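Read-outs: derived from the displayed coordinates by stated rules, not from any lab. Fair warning: this is a prediction, and the values are worked out from it, not measured in the lab. Methodologically, a virtual Cβ is constructed for each residue, glycine included, from the backbone with ideal geometry; neighbour enumeration extends over all protein chains shown.
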Amino acid sequence: MNYSEKVMDHFNNPRNVGEIENASGVGTVGNAKCGDIMRIYLDIDEDTKIVKDCKFKTFGCGAAVATSSMATELVKGKTIYEALEVTNKAVMEALDGLPPVKVHCSLLAEEAIHAALWDYAEKHHITIEGLKKPKTDISDED
Ligand code: FES
């Protein structure tokens with residue numbers, strides 16, 4: 001299978017792996033197709049609503065690692081509203097593409113970011129326009 005140089009780079013040197021203590025929002029999702037799991041932590045500035053930090057942990061394949069790494073890089077520095085634009089399509093473009101059979105892996109990062117934003121919005125009693133309740137959030141099953 002052919003992976004782009006960027007995918008291999010983010011797989012070999014994933015950015016932002018880890019946890020954020022007392023994170024503003026945490027989202028955990030699972031991929032029904034393969035059983036892989038992804039968790040994203042967001043540290044959000046209360047006043048500016050800018051994502052100051054973003055970390056991830058995954059029990060997933062190489063494409064899931066690479067897409068999460070890139071997604072966390074893209075989300076950092078954005079507002080919670082702009083973070084919604086970090087779709088799996090945007091992440092794949094930033095990685096110069098993924099093989100078609102691996103496209104579903106890139107959905108994990110998008111869904112985990114959405115789940116973390118949803119968690120943040122719920123805790124702070126706000127609505128983020130355009131954000132839908134995540135279907136696959138399993139964060140309550142710890
Ligand atoms: Fe499971 Fe890629 S095969 S996320």
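Looking at the chain alone, DSSP beta bridges between its own residues are antiparallel in about 95 percent of cases. Values of log10 I(q)/I(0) for the range 71-142 across q = 0.12 Å⁻¹ run -0.34, by the Debye formula with one identical scatterer at each alpha carbon and no solvent.
Return the FRET efficiency for the residue pair residue 4, residue 79: r is the Cβ-Cβ distance, R0 is 41 Å, and the value is rounded to the nearest 0.05. Efficiency at R0 = 41 Å is approximately 0.90. Across all C-alpha atoms in the chain, the radius of gyration and Dmax reach 13.9, 45 Å. Computed from backbone phi with θ = phi - 60° and the Karplus coefficients 6.51, -1.76 and 1.60, the 3J(HN,Hα) list for the range 72-86 is 5, 5, 6, 6, 4, x, 8, 6, 4, 7, 5, 4, 5, 7, 7 Hz; x is used for glycine and proline. Highest GNM mean-square fluctuation among 132, 76, 33, for the chain modelled with Cα contacts below 10 Å: 33.
Taking 0.36 nm per residue of sequence separation and removing the Cα-Cα distance, the residue 46/residue 96 pair yields an extension gain of 14.6 nm. The gain in end-to-end length when the residue 12 to residue 33 segment is fully stretched comes to 5.2 nm, 0.36 nm per residue minus the alpha carbon separation. Once you sort the root eigenvalues of the Cα gyration tensor of the range 1-51 as a ≥ b ≥ c, which label holds: rounded (a/c under 1.5), prolate (a/b larger than b/c) or oblate (the other case)? Oblate is the answer for the range 1-51, as a/c is 1.5 or above yet b/c matches or exceeds a/b. Taking the Cα centre of the chain as origin and assigning +1 to Lys and Arg Cβ atoms and -1 to Asp and Glu Cβ atoms, the resulting dipole is close to 380 debye.
Every helix of 4 or more DSSP H residues in the chain counts as -39500 (n - 2.57), and over all residues that averages to -11000 deg cm²/dmol at 222 nm. Our estimate of slack between residue 122 and residue 21, defined as 0.36 nm per intervening residue step minus the Cα-Cα distance, is 34.5 nm.
Exceedance of the 25 Å cut-off in Cα-Cα distance is limited, within the set 102/135; 52/89; 33/76; 6/89; 6/135, to 33/76; 6/135. Largest GNM mean-square fluctuation across 120, 81, 41, computed for the chain with C-alpha springs under 10 Å, falls on 81. In this Cβ point-charge picture (+1 for Lys and Arg, -1 for Asp and Glu), the range 72-113 has a dipole of about 60 debye about its Cα centre.
Where a ≥ b ≥ c are the square roots of the eigenvalues of the C-alpha gyration tensor, would you call the range 31-70 rounded, which needs a/c under 1.5, or, failing that, prolate if a/b is larger than b/c, or oblate? Since a/c reaches 1.5 and a/b is larger than b/c, the shape of the range 31-70 is classed as prolate. The angle between the Cα long axis of helix 103-123 and the main principal axis of the chain comes to about 10°, on a 0 to 90 degree scale. Each peptide in 91-102, 64-75, 47-58 gets a packing score, the mean of other Cβ atoms within 10 Å over its residues, and the list from highest to lowest is 64-75, 47-58, 91-102.
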